[in-house]
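The values are calculated or read from the model by the stated rules, or taken from the named source; none is laboratory data. Model, not experiment: these values are computed from the prediction. Quick reminder, even Gly has a Cβ in these numbers, built from the backbone with ideal geometry, and neighbours come from all protein chains shown.
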Number of protein chains: 2
Amino acid sequence: MKPSAPGLAIAIALALPAAAQDDPLPSWNDGESKRAIIAFVQDVTNENGDAHVDKDERIATFDNDGTLWVEQPIYTQLAFALDRVRDIAADHPDWKTTQPFQAVLDGDMEALAATGEEGLLEIVAATHGGMSTEQFAQIALDWLAEAKHPRFDKPYTRLVYQPMLELIDYLQDNDFETYIVSGGGIEFMRPWTQEVYNIPPQQVVGSSTTTEYMIVDGKPTLMRTGEIAFVDDKAGKPVGINSHIGRRPIIAFGNSDGDFQMLEYTTVGIDGPSLGAIVHHTDADREYAYDRDSPVGKLDKALDAADDNDWLVIDMKTDWKTIFPE
Amino acid sequence: MKPSAPGLAIAIALALPAAAQDDPLPSWNDGESKRAIIAFVQDVTNENGDAHVDKDERIATFDNDGTLWVEQPIYTQLAFALDRVRDIAADHPDWKTTQPFQAVLDGDMEALAATGEEGLLEIVAATHGGMSTEQFAQIALDWLAEAKHPRFDKPYTRLVYQPMLELIDYLQDNDFETYIVSGGGIEFMRPWTQEVYNIPPQQVVGSSTTTEYMIVDGKPTLMRTGEIAFVDDKAGKPVGINSHIGRRPIIAFGNSDGDFQMLEYTTVGIDGPSLGAIVHHTDADREYAYDRDSPVGKLDKALDAADDNDWLVIDMKTDWKTIFPE
């Protein structure tokens, strides 16, 4: 039987490779990175393959700052904290003459840097503590609704990486649980990760301050003390992953030395399949170009280790067709 | 048109209430508790009702000891710790003459109690620390495979409550995320909660010891120090819920004063629908009967507060047809 004309058209359509018809990563250029990611996902989801991984073991972890959204020229949460110091300074007249607050109010970043870690902790305590978890979530959302990035003049939540949004979506379609594992504050991220990344609060791991349970105006409330409880960075990332997830990921994406241990924990000395990847910021025109010498998002040790550990190094400039949504 | 005989039979079958055809809680007697649970689930899942709750807000939390499995005559994890002291005593000859270990080896529970919290912490450190998280999980599984409950002569993982297994299943079928929130050790529970309760490790919240990230024999490893990091009991339960889930539950089940704050956090002063429930151990024949005076699973303050807070008090003896599976 000779195929009819419409039958032939259908036969040709079916013969096209699936990727050409429905590319799961349209903002990624066709190159080694994209091919390696898709090959890995196909391998671990192929029920008849040697590399098959059960659905409930498909855990993927993503750093946030510099991996899912812009972290230059300063971490978004630091911009938030500095704005908060200015916003509430009227209630603290002594801040005009007390460091580290004076430095913030004077816009003197050198004097602020001179107050060191102790200064930073004081700013965290003053801006991240003394309210309920629900109040803090609202403060963060209100700030994100108003604040704009100094260079791109857009809300920070629109300065997320379109290729990474597609990757999260692609992994979720393939029954991965996608987690954020960030040095940033867990309660600073949770109010918006569902809407922005399609990642629910229970799949966000981050640094935290301690909370205290109490009844406030008849309502059971968790009050934030502002005291650091956990730092989810460097060796803290595997600790946070173990605490929150209780499973070793099979995929980890990061962009800085703060992600070294998470990448190592996910990929080194493991029996089954695993994928580690570094987003390398190489595009000063469309975003930023930085690595070994950057005070924010320093990438040095992890870049040196990438080759030995078979970590993908994603070249933002050549691997990504677009950087931001729209 | 007169219905044919088979048509009539079908019409009669369809007219039967759904519950009679497919009871989601077959081990629960038809009574106030069962009806209240089913009514609540129907209300929050009814998309056209006033009490509708979106799927992603359907969080249910369950205490473990005494709520999902037997906690008498001593907590299972304490039985584990005491057995571990005996199992590894040969490597610690000094334990024969050093408290609290001597008391355990002599079976002198009075002397053990006299060592107080400090003694208990020493036992935790000696039995729960000094190995990797993976080694500890295997130790726990090996013990659970061998150990038998002194009265029922069955493995502890078979002394789970059949009505609660049905409830977890029923909630999961209605798109609830079901979490364990236990004073017990998170890493003592995670290795078996998937198989026994159909609750994956990432939905287990519990007390924890600190872990340290290091490379052991070339493999990235989390070593357990044995030092207490977090106590997920009483006011710690809302703190643990916030830390791990980041959402307030709409259902909480507990059985002791250790669950008071979790029940309160879930149900008091909340705008939307919520359900708090207490498993009251009233059945000395089939399980145990205890509440206000029990050193294990003391239920006093929470029982007093149940009425005012509309917490369901589940009467094990009259509400549950069967206690254990099979």
Qualifying position, being in contact with a Ser or Thr (Cβ under 9 Å, 6 or more places away or on another chain) and farther than 25 Å from B:MET262 by Cα, among B:GLU118, B:GLU166, B:GLU122: B:GLU122
Residue satisfying all of: in the stretch A:192-238; under 15 Å from B:VAL239 (Cα atoms) and among the aromatic types (Phe, Trp, Tyr); nearest to the chain's Cα centre (by Cα) among these: A:PHE230
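Condition test on B:ALA302, is it under 23 Å from B:ASP54 (Cα atoms) and buried (at least 23 other Cβ atoms within 10 Å of the Cβ)? First the steps, then the outcome.
On the way: under 23 Å from B:ASP54 (Cα atoms): no; buried (at least 23 other Cβ atoms within 10 Å of the Cβ): yes.
So B:ALA302 fails the test.
Out of curiosity, is A:PRO295 within 12 Å of another protein chain (Cβ to nearest Cβ) and either under 30 Å from A:THR318 (Cβ atoms) or not in a strand (DSSP E or B) (or both)? Can you show your working first?
Working: within 12 Å of another protein chain (Cβ to nearest Cβ): no; either under 30 Å from A:THR318 (Cβ atoms) or not in a strand (DSSP E or B) (or both): yes.
In short, no.
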Where a residue in the stretch B:162-177 is in the same structural domain as B:ARG58 (by TED's automatic domain parsing) and its partner, wherever it lies, is of a type in the set (Lys, Arg), with Cβ under 7 Å and at least six apart: B:ASP175/B:LYS55; B:ASP175/B:ARG58; B:PHE176/B:ARG58; B:GLU177/B:ARG58
Identity of the residue in the stretch B:210-235, more than 8 Å from chain A (Cβ to nearest Cβ) and small (Gly, Ala, Ser), that ends up farthest from A:ILE241 (Cα to Cα): B:GLY226
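Given the options B:GLY276, B:GLY258, name the one that is within 14 Å of chain A (Cβ to nearest Cβ), more than 25 Å from A:ILE199 (Cβ to Cβ), touching a helix residue (DSSP H, G or I) at 6+ places or on another chain (Cβ under 8 Å) and not in a helix (DSSP H, G or I).
Numbers: B:GLY258 fails: not in a helix (DSSP H, G or I).
On inspection, the qualifying residue turns out to be B:GLY276.
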Odd one out for B:ALA252, checked against (1) within 8 Å of another protein chain (Cβ to nearest Cβ); (2) assigned to a strand (DSSP E or B): (1)
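I need the full set of residues from the stretch B:85-105 which are over 17 Å from B:MET131 (Cα atoms) and under 30 Å from the mean Cα position of the chain (by Cα), in order please.
Step one: list which residues in the stretch B:85-105 are over 17 Å from B:MET131 (Cα atoms), which gives B:86, B:90, B:93-105.
Within the stretch B:85-105, B:ARG86, B:PRO100, B:PHE101, B:ALA103, B:VAL104, B:LEU105 qualify.
Which residues, taken from the stretch A:254-298, are small (Gly, Ala, Ser) and either within 19 Å of A:GLN77 (Cα to Cα) or out of contact with any His (no Cβ under 8 Å at 6 or more places or on another chain) (or both)? Walk me through it before giving the result.
Step one: filter the stretch A:254-298 for residues small (Gly, Ala, Ser), giving A:254, A:256, A:258, A:269, A:272, A:274, A:276-277, A:284, A:289, A:294, A:297.
Answer for the stretch A:254-298, where residues must be small (Gly, Ala, Ser) and either within 19 Å of A:GLN77 (Cα to Cα) or out of contact with any His (no Cβ under 8 Å at 6 or more places or on another chain) (or both): A:GLY254, A:SER256, A:GLY258, A:GLY269, A:GLY272, A:SER274, A:GLY276, A:ALA277, A:ALA284, A:SER294, A:GLY297.
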Meets criteria (assigned to a strand (DSSP E or B) and either modelled with pLDDT of 95 or more or at the interface with chain B (Cβ under 9 Å from one of its Cβ atoms) (or both)) for A:ARG247: no
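Working carefully through the options B:ILE250, B:ILE241, B:ILE270, find the one that is of a type in the set (A, V, I, L, M) and under 25 Å from A:ALA229 (Cβ atoms). Spell out the reasoning first.
Working: B:ILE250 fails: under 25 Å from A:ALA229 (Cβ atoms); B:ILE270 fails: under 25 Å from A:ALA229 (Cβ atoms).
Among B:ILE250, B:ILE241, B:ILE270, only B:ILE241 is of a type in the set (A, V, I, L, M) and under 25 Å from A:ALA229 (Cβ atoms).
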Residue match in the stretch A:5-24 (condition: out of contact with any helix residue (DSSP H, G or I) (no Cβ under 9 Å at 6 or more places or on another chain), part of a helix (DSSP H, G or I) and at pLDDT 95 or above): no
Residues (without any contact (Cβ under 8 Å) to a residue 60 or more places away in the chain, surrounded by 20 or more Cβ atoms within 10 Å (Cβ to Cβ) and not small (Gly, Ala, Ser)) located in the stretch B:214-236: B:PRO220, B:ASP232, B:ASP233
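Looking for whichever is farther than 30 Å from B:ASP291 by Cβ, hydrophobic (A, V, I, L, M, F, W, C) and buried (at least 16 other Cβ atoms within 10 Å of the Cβ) here; the options are B:TRP69, B:TRP95, B:TRP143. Which one fits? Before the answer, list the steps.
Numbers: B:TRP69 fails: farther than 30 Å from B:ASP291 by Cβ; B:TRP143 fails: farther than 30 Å from B:ASP291 by Cβ.
The unique qualifying residue is B:TRP95.
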Qualifying residue in the stretch B:308-321 (condition: in a loop (DSSP other than H, G, I, E, B), touching a helix residue (DSSP H, G or I) at 6+ places or on another chain (Cβ under 7 Å) and aliphatic (A, V, I, L, M)): no
Sole exception among (1) touching a Ser or Thr at 6+ places or on another chain (Cβ under 9 Å); (2) assigned to a loop (DSSP other than H, G, I, E, B); (3) of a type in the set (A, V, I, L, M, F, W, C) for A:ILE270, by number: (1)
The stretch A:179-208, residues that are within 12 Å of chain B (Cβ to nearest Cβ) and β-branched (Val, Ile, Thr): A:ILE180, A:ILE186, A:THR193, A:ILE199, A:VAL204, A:VAL205
Cβ pairs under 6 Å, 6+ apart, first in the stretch B:100-127 and closer than 24 Å to B:MET223 by Cβ and touching a residue at least 12 places away in the same chain (Cβ under 8 Å), second polar (S, T, N, Q) and crowded, with 16+ Cβ neighbours inside 10 Å: B:PRO100/B:THR115
Close pairs (9 angstrom Cβ cut-off, 6 or more residues apart or separate chains): on the phi < 0 side of the Ramachandran plot and at pLDDT 95 or above in the stretch A:40-63, among the acidic types (Asp, Glu) and loosely packed, with under 13 Cβ neighbours inside 10 Å anywhere: A:ASP43/A:ASP50
Where A:TYR265 falls short, out of the listed (1) within 14 Å of chain B (Cβ to nearest Cβ); (2) surrounded by fewer than 23 Cβ atoms within 10 Å (Cβ to Cβ); (3) among the hydroxyl-bearing types (Ser, Thr, Tyr): (2)
Any hit, the stretch A:257-270, residues being more than 30 Å from B:ILE180 (Cα to Cα), of a type in the set (Phe, Trp, Tyr) and out of contact with any Pro (no Cβ under 8 Å at 6 or more places or on another chain): yes
